[in-house]
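Visitor: Let me begin by handing over the structure; questions about it come next.
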Amino acid sequence: MKKFRILILDGDVDAAAANRIILENAGYDVLTADRGKAGLEMVRREKPDMVILDAMLPDINGFSVCRDLKEDPNWSSMPVLFLTGLGTSVESYVANMAKEHKADGFLAKPVDARELLKKISELLAGVAPPAAEPRTRAKVLLVDDDPDFLDATKQILMAHRYDVITAKDGAEGIAKAKYENPDLIVLDVIMPGKDGYTVCYELRKLEQTRPIPIIMLTAVGQQLSKPEYAVDIAIDHLADDYIDKPVDTQVLIKKIEKHLRFYGR
């Protein structure tokens, strides 16, 4: 699912930067502008889901910006939150002006991060989530040192309308996971160099690859007196699922479909 996009329109660059960090850490896609005219143009071009607006801007005041947005039928329903630091002596006056200019909310600077995020959540509650960009084929990364297995499994997944990338060892698998950003990884355990458990653990430590579902597969279960031990190791190293070799094609396809649905891919 795409993130909600929020435009921070604030003449105080430092305050805008601080609030951008707060919003991005909360999972929002954030844009910034420090002038009213540039902000209006950015709204038309980038189509944010919400605007956080300072009353005092270098060129035109925030009240005029809010009025222009609310009088435009394309943006009249977009939430506008005033966030300004004009001082407590005029706070009620500014809040009333914001309301008269059809703003959807008002907060005075400095604002507590939790209070800001709570207000944003309230205002976006009535906004439909942004539609995900259409994607016809999910991308799967296969990591295994057996070229025959790679080739056969690649053909099977392609027949099920997946885009497939392959890697012959752990180091190449990590590199391709970062570069290709696959939707799911199928990872063998026993490989030269980095074993699959180590690869899985390292991918979980990287912010970029952490959310990618990982299915581990190996014949190691046949080599242990307790096959479930291999499953325990996979779980301990933060894998999402486990399949023993020889791989049953239908089982693999079902597990891939399950994890892609679960992660919204």
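Listed here are the residues, each with its yes/no results for (1) modelled with pLDDT under 85; (2) within 20 Å of Thr32 (Cβ to Cβ).
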{"position": "Val65", "(1), (2)": "no, yes"}
{"position": "Glu71", "(1), (2)": "no, no"}
{"position": "Thr84", "(1), (2)": "yes, yes"}
{"position": "Gly87", "(1), (2)": "yes, no"}
{"position": "Val90", "(1), (2)": "yes, no"}
{"position": "Tyr93", "(1), (2)": "yes, no"}
{"position": "Asn96", "(1), (2)": "yes, no"}
{"position": "Lys99", "(1), (2)": "yes, no"}
{"position": "Asp104", "(1), (2)": "no, yes"}
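Visitor: Check Met78, Met1 and return the single one that is more than 18 Å from Leu117 (Cβ to Cβ), modelled with pLDDT of 95 or more and of a type in the set (A, V, I, L, M).
Guide: Met78
Visitor: Quick one: which residue in Asp248, Asp241, Asp195 is under 29 Å from Lys3 (Cα atoms) and at pLDDT below 90?
Guide: Details: Asp248 fails: under 29 Å from Lys3 (Cα atoms); Asp195 fails: under 29 Å from Lys3 (Cα atoms).
The conditions single out Asp241.
Visitor: I'm trying to understand the selection: among the residues of segment 164-208, which are touching a Gly at 6+ places or on another chain (Cβ under 8 Å), closer than 15 Å to Leu150 by Cβ and small (Gly, Ala, Ser)?
Guide: Result: Ala167, Gly170, Gly196.
Visitor: Condition check: surrounded by 12 or more Cβ atoms within 10 Å (Cβ to Cβ), outside any helix (DSSP H, G or I), modelled with pLDDT under 90 and assigned by TED's automatic domain parsing to the domain that holds Val143. Does Met216 satisfy that? Don't jump to the end; show me each part of the working.
Guide: Details: surrounded by 12 or more Cβ atoms within 10 Å (Cβ to Cβ): yes; outside any helix (DSSP H, G or I): yes; modelled with pLDDT under 90: yes; assigned by TED's automatic domain parsing to the domain that holds Val143: yes.
Taking the combined requirement at face value, the residue satisfies it.
Visitor: At pLDDT 90 or above and touching a helix residue (DSSP H, G or I) at 6+ places or on another chain (Cβ under 9 Å): does that describe Ile165? Even if it seems obvious, please write down each step before you answer.
Guide: Working: at pLDDT 90 or above: yes; touching a helix residue (DSSP H, G or I) at 6+ places or on another chain (Cβ under 9 Å): yes.
So Ile165 passes the test.
The values are calculated or read from the model by the stated rules, or taken from the named source; none is laboratory data. Computed from a prediction, not measured in an experiment: that's the story for all the values here. A quick note on method: Cβ atoms are made from the backbone with ideal geometry, for glycine too, and the neighbour counts reach across all protein chains shown.
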